Amino acid sequence: MEQFVPVITVDGPSGVGKGTLCARLSAHYGYHFLDSGALYRVLGLAANKHNILTDEHALTALARHLPVSFKDGQIWLTTENVTDAIRTETVAAFASQVAAIPSVRTALLAFQQDFARLPGLVADGRDMGTVVFINACAKIFLDATPEVRAERRIKQLKNQGLDANIDQITKEIRERDERDRNRAVAPLKAAIDALIIDSSNLSPDEVFNQAVAWVDQRCVDRQLIV
């Protein structure tokens, strides 16, 4: 008999704090963690290096055999540590571009689902609750206004010693949201059974507490989390 693996999904646009929330949930429950956005970013980075961003056939082939690995909080593309390289706005745009291709999403679907193993999984992405793990015991959709997300991104860049224009960052965020919400396959949206949390005016602790209360209600009360 196949053993049930509890899954918590956290979907939402970029810059809303999904990674922070998922890392805390993973530590809190002792679950594995999947950053699906990192997969698309790695694919976008690799596709740009091979000059195949507009070649659907080559992109799909690469997605089927993406040489990515996650080790000790670091992300590797074959033997190259790309943890920092995939976090740029340029690579984010590449990721959004390749993620809009149906055959690419299909190629990465099984790869992502294989991360669901005991004792459980916290999955961070844009279609985790609507496509990849539709039977997840708890689904969360984390959101924030483009302006707040741009301010957070500017702060990150300044902490890295980089300059950025907030108007340009806000424009890029809005454009990416538009692409993600209007793509033909797996558009960015909240699952009908998801808890929607707007983090615009909430602290990370407040977001975390809301999420834990929801997970405990949806999963623990059903004795799916042990």
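Below is a table of values for the structure above.
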read-out: Qualifying residue in the range 81-94 (condition: modelled with pLDDT under 90 and buried (at least 19 other Cβ atoms within 10 Å of the Cβ)); value: yes
read-out: Residue that is farthest from Ala191 (Cα to Cα), among those in the range 1-58 that are among the polar types (S, T, N, Q) and crowded, with 18+ Cβ neighbours inside 10 Å; value: Ser26
read-out: Verdict on Asp180 being among the acidic types (Asp, Glu), surrounded by fewer than 18 Cβ atoms within 10 Å (Cβ to Cβ) and touching a helix residue (DSSP H, G or I) at 6+ places or on another chain (Cβ under 8 Å); value: no
read-out: Search result, residues across the range 12-39 that are of a type in the set (Gly, Ala, Ser) and either closer than 27 Å to Glu147 by Cα or in contact with a Leu (Cβ under 7 Å, 6 or more places away or on another chain) (or both); value: Gly12, Ser14, Gly15, Gly17, Gly19, Ala23, Ser36, Gly37, Ala38
read-out: Members of the range 184-226 found to be of a type in the set (Asp, Glu), at pLDDT 95 or above and either under 18 Å from the mean Cα position of the chain (by Cα) or farther than 17 Å from Arg24 by Cα (or both), listed by number; value: Asp193, Asp198
read-out: Selection status of Ala144, touching a residue at least 40 places away in the same chain (Cβ under 8 Å), closer than 23 Å to Lys71 by Cα and in contact with a helix residue (DSSP H, G or I) (Cβ under 9 Å, 6 or more places away or on another chain); value: no
read-out: One residue from Val42, Val68 being in contact (Cβ under 8 Å) with a residue 24 or more places away in the chain, under 16 Å from the mean Cα position of the chain (by Cα) and more than 29 Å from Thr145 (Cα to Cα); value: Val68
read-out: Residue check for Ala184: closer than 29 Å to Leu109 by Cβ and part of a loop (DSSP other than H, G, I, E, B); value: yes
read-out: When residues of the range 112-154 are limited to those that are in a helix (DSSP H, G or I) and in contact with a Leu (Cβ under 7 Å, 6 or more places away or on another chain), the one surrounded by the most Cβ atoms within 10 Å (Cβ to Cβ); value: Val132
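The values are calculated or read from the model by the stated rules, or taken from the named source; none is laboratory data. Just so you know, these numbers come straight off a predicted model, no measurement behind them. Cβ atoms come from the backbone with ideal geometry, glycine included; neighbour counts cover every protein chain shown.
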